[in-house]
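Remarks on the structure that follows.
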Amino acid sequence: MNVDQLREICLSFPGATEQIQWGDDLVFKVAGKMFAVTPLVPGYNWLSLKASPESFAELTERPGIIPAPYLARAKWVAIESPNVLAAAEVTTLLRTSYDLVVEKLPRKTRETLASAKATAGRKRSTARSKAAKRRDGSNQ
């Protein structure tokens, strides 16, 4: 998985944003709170993200995954290279990290994100049906 794929996954989550921070780290946030960090310059770690306390213990026992520097006490793990985990597992871990951060946000913020998600789902569904009509020629 490369940075572009990582960006696509992270930015697909409702309210997710990205910014360059600390010089050369690409940080993904929701409501101003980090849920994933990847360096843009090759370094010691490939991706850091938040894990549940149970997952933190399990993940850090696996080769190529360590407690994230500076963030381990908050149950963040660092994946040392993109080859450590399958892309599907990375996607699942990113979603879990996002969800863990969202559940700690104020209720009003969570409700706003939930309504944005519902609206986005309706827009995608409408766009799909319009595209299907164009393909079938029924929108003429």
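Laboratory data are not the source of any read-out in this text; all were calculated from the coordinates shown. Fair warning: this is a prediction, and the values are worked out from it, not measured in the lab. Neighbour counts run over all protein chains shown; Cβ positions are idealised from the backbone, glycine included.
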For segment 39-86: rounded, prolate or oblate by the Cα gyration tensor [a/c cutoff 1.5]: oblate
Note, ³J(HN,Hα) from phi for segment 6-23, Karplus 6.51, -1.76, 1.60, rounded to Hz, x at Gly and Pro: 4, 4, 4, 5, 4, 6, 7, 7, x, x, 6, 10, 10, 7, 7, 9, 6, x
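From Cα pairs below 8 angstrom and at least 6 apart in sequence, can you work out the relative contact order of segment 1-91, rounded to a whole percent? Write down the numbers at each step before the final one.
On the way: 131 pairs, mean separation 17.9, N = 91.
Result for segment 1-91 is 20 percent.
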Unit charges at the beta carbon, dipole of segment 3-105: most positive-side option, L47, L85, A31: A31
Per principal axis, descending, Cα span of segment 3-105 in whole Å: 32, 30, 26
